[in-house]
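What follows is one structure encoded as C-alpha cells, with my remarks underneath.
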Amino acid sequence: MSRILIGDDDRELCALLAEYLRREGLHVDVVHDGEAVLAQLRDPALRPDLLILDVMLPGRNGLDTLRELRAQHRLPVIMLSGRGEPVDRVVGLELGADDYLSKPCLPRELLARVRAQLRRHTVESVGVLTAGVLRLLPGERRAYAGEQELNLTGAEFALLLMLVQRAGEVIDKTSLTRVALGRELERFDRSIDVHVSRLRHKLAEASPQAPRIDSIRGAGYVLLTNGGERA
C-alpha cells in the first residue's frame, strides 16, 4: 500500500481528501505545517511515497518546505495552491515539484495525479540506457552524466527517460506531458518547459559533454548527443 502525506492547514479539506484517498486503497497521513512535513520525512518508518503539499502553510510555507526537502529527498511532490497564480506554479516546479494543482480541486483529479506520479516513480527495469556520456538505470531510477550522478525528481527522470529512449527524435509537449506527468497538456501549461529548463541546467552542470535538449519551435523537444546527432 502506497503511503501518502498531505501537508495542508485546511483541516476540512485534508479530512475530505484523506477519506477519499483511503477509500481508494492508499495509506494517508495528514500534517498541517511545514515543520511537521519535514519531521515525517526524516523518520524512515513514516516517510511517504508521495507528498501533497500546500503552498500557503503557516510558518514555513510550502515553497520553503519544498526547497529544503529537495536537498535530501526525491519522492514525488504535488503542490496545491488556493491562489492559482501562474507564477506559483512556475516557482513550485522550478523548486522541484513534480506536478501542481489549483484549489479547490476535485478529489478524483487529485487521485489521478497521485496515481500517475506513483507510476512514474516505479519504472520497471529495462536495462541500462545510454546517450553519449549520459547513462540511465531505470530500475534504480538513477541517471549519470559521465561519473556524476544527476539529482532528479520523479517527473524529471521520467521526462529524461523518454527523451533518451527516443534520442534524436522530436517529441511533442503533449506526449511528454502524458509520460512525465501522467496527464493531458492543459492550455497555457508551461510545466514541461520548466522541467526541461531544470534538466538542461543539471545536465550542463554535471558534464560539458552531456547531451543537450533542443527546443523545436511549434514541435517539441529533442535530445541531441554532444555531436548534435539526430535520428
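By the Stokes-Einstein formula, at 1.002 mPa s and 20 °C, segment 1-133 with its Kirkwood radius over alpha-carbon pairs has D equal to 141 µm²/s. Taking a ≥ b ≥ c as the square roots of the eigenvalues of the Cα gyration tensor, segment 1-70 is classed as oblate, since a/c reaches at least 1.5 and a/b does not exceed b/c.
Looking at the chain only, what percent of DSSP beta bridges run antiparallel? Nearest 5 please.
45 percent
Distances between placed amide hydrogens fall under 5 Å for Met56 paired with Gly62, Gly82, all partners being 5 or more residues away or on another chain. Under 5 Å from the amide H of Glu169 lie the amide H atoms of Leu223, Ala231, each residue being 5 or more positions distant or on a separate chain, with H modelled from the backbone and absent for Pro and chain starts. Give the shape of segment 140-231 as rounded, prolate or oblate, defined through the alpha-carbon gyration tensor: a ≥ b ≥ c are the square roots of its eigenvalues, a/c under 1.5 means rounded, and otherwise the shape is prolate if a/b is larger than b/c and oblate if not. Cα axes put segment 140-231 in the oblate bin. From largest to smallest, the equivalent ellipsoid semi-axes obtained for the chain from the alpha-carbon gyration tensor read 31, 18, 16 Å.
Measuring with a 1.4 angstrom probe and ignoring ligands and nucleic acids, Ile52 comes out at about 0 Å² accessible. Working from Cα pairs under 8 Å separated by at least six residues, relative contact order for the chain is 15 percent.
Surface calculation, 1.4 Å probe, protein heavy atoms: Ser2 sits at approximately 40 Å² accessible.
The values are calculated or read from the model by the stated rules, or taken from the named source; none is laboratory data. Everything numeric here is computed off the predicted structure, so don't read it as measured data. Surface accessibility is based on the protein's heavy atoms, side chains included, excluding ligands, DNA and RNA. Shrake-Rupley method; radii C 1.70, N 1.55, O 1.52, S 1.80 Å.
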